[in-house]
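The values are calculated or read from the model by the stated rules, or taken from the named source; none is laboratory data. Fair warning: this is a prediction, and the values are worked out from it, not measured in the lab. Backbone-built Cβ (ideal geometry, glycine too); neighbour counts: all protein chains shown. Only protein heavy atoms, including side chains, enter the accessible area calculation; ligands, DNA and RNA are left aside. Shrake-Rupley method; radii C 1.70, N 1.55, O 1.52, S 1.80 Å.
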Amino acid sequence: MKNYTQLLFACLLIFTFSCKEESEKVEEAPTESFRNEVAATEVRTAAAERKSFDYLINATGKMEAGSEVMAIIEQAGYLLEVHVKEGQFVKKGDIIAKLDPAEAQFRLEKAQIALRNAKAEYESMKLGYDAVFSSNDQERIRLIDDQLKAKSGVFLAELELKEAQMIFERCEVKAPISGQVADLKYNSGSLVSSSQALCEILSTNQLLLRVNVLESDIPQISIGQSAEVYPITATTVALAGRVAGINPRVDENGLVQVSIALAGNKNLLPGMNARAIIRAPQNNSLVVPKAALVYRSGRAVVFTIENNESKWNYVEVGKDNGQEVEILDGIEAGSTVITTNNLQLAHQAPVQIVKD
């Protein structure tokens with residue numbers, strides 16, 4: 001009986017160890033064959049390249065006329081005629097309005113008569129100096145001539161005539177520059193005082209877009225740099241522009257005003273909103289497509305391929321132009337980076353490159 005019990009116990013031990021070994025084999029099998037059983041993720045790839053990289057600086061602002069000059073009414077009086085309407089094109093020197101010239105005309109004629117009288121008095125006084133004017137002493141002739149003109153009132157009459165002529169000419173308001181009429185303030189028949197603005201002339205042959213740019217981006221901008229301008233009325237059509245000015249002052253929000261000049265366009269008006277893209281070329285930058293960049297736990301990651309497996313790489317990101325991203329650290333030039341199906345990709349996952 002005792003021998004039977006021992007034999008049964010030995011059989012149980014053998015059975016137990018046999019089951020344990022079988023269990024260990026079953027458990028080890030998935031770990032060894034995991035990569036073979038999981039289907040490879042199909043991905044597209046690109047190369048990390050060192051090349052010239054266009055950093056795009058985006059900013060918005062308002063259009064302004066290249067020149068904006070007020071047409072000033074320099075003489076008080078009644079406006080007899082206003083020859084322009086808002087939006088009308090005028091040339092420099094065009095008469096755009098006229099004041100009642102009656103008083104100025106009277107003053108001009110009075111000054112002309114006063115000058116004629118003064119000249120007559122001068123000629124009369126000159127007769128007493130025949131000997132002097134017949135001599136060859138030019139210095140004495142000039143001295144006596146000036147004295148006679150002063151005594152006869154010729155000098156003063158000439159000055160008053162010039163003043164009367166100037167006042168008469170001011171009865172015509174002329175366009176100070178070529179451009180479009182804006183903000184017309186008076187109509188015919190209005191009583192105006194001197195130094196009043198009749199309207200503003202906007203030179204629209206050239207327009208300026210004034211935008212605010214982050215102070216950190218200012219080192220990337222220089223005078224003459226190319227820019228693309230997208231008016232609010234045509235957001236898909238780019239107009240060519242160039243940086244014309246950079247304000248040397250930073251405002252309280254850390255912004256700097258940049259002026260972009262562009263050619264006039266009949267569809268553009270001062271005051272319109274527009275968006276500008278200023279291109280700032282960067283030389284010898286390590287660049288990858290933006291699609292290669294993903295974020296995990298708030299950190300930038302780029303997957304590369306090694307031995308048909310994905311490799312997780314933390315990277316330091318530089319500038320971004322919307323299509324490509326500058327990589328400052330984390331991968332090497334020439335690395336093959338994954339650009340598709342990388343949002344949920346794991347480290348060392350099997351991948352298969354798909355070519356277009």
Ignoring any ligand, DNA or RNA, what whole percent of the accessible area of the chain comes from carbon and sulfur when the probe is 1.4 angstrom? 50
Residue span Q344 to D94: 0.36 nm per residue of separation minus Cα-Cα distance leaves a gain in nm of 83.0 nm
Identified option (computed Rg and Dmax of the Cα atoms in Å; candidates [x] 44.1, 178; [y] 23.1, 69; [z] 24.3, 83): [x]
What number comes out for accessible area per residue over the chain if the probe is 1.4 Å? Units Å², please. 63
Go ahead and estimate [θ] at 222 nm for the chain from helices alone: -39,500 (n - 2.57) per DSSP H run with n ≥ 4, summed, over the residue count, rounded to 500. -9500 deg cm²/dmol
Report the Cα centroid-to-centroid distance between the range 216-281 and the range 312-356 in angstrom, as an integer. 33
Restraint check, K110/K149; K98/K266; K311/K355, Cα-Cα greater than 24 Å: K98/K266
Set of aspartates and glutamates near K126 by C-alpha distance (under 12 Å), chain-local residues within fewer than 8 positions excluded: D145, D146
Spelling it out for F53: with amide H atoms placed in the peptide plane at 1.01 Å from N, the residues 5 or more places away or on another chain with amide H under 5 Å from its amide H are Q282, N283, N284, S285
Most mobile of Q323, Q220, Q147 in a GNM of the chain (Cα contacts under 10 Å): Q147
For the range 210-316, taking Cα atoms only, what is the radius of gyration to one decimal and the Dmax to the nearest whole Å? 19.2, 60
Quote the charge dipole size of the chain about the Cα centre in Debye, to the nearest 20; the model charges only the Cβ of Lys and Arg (+1) and of Asp and Glu (-1). 500
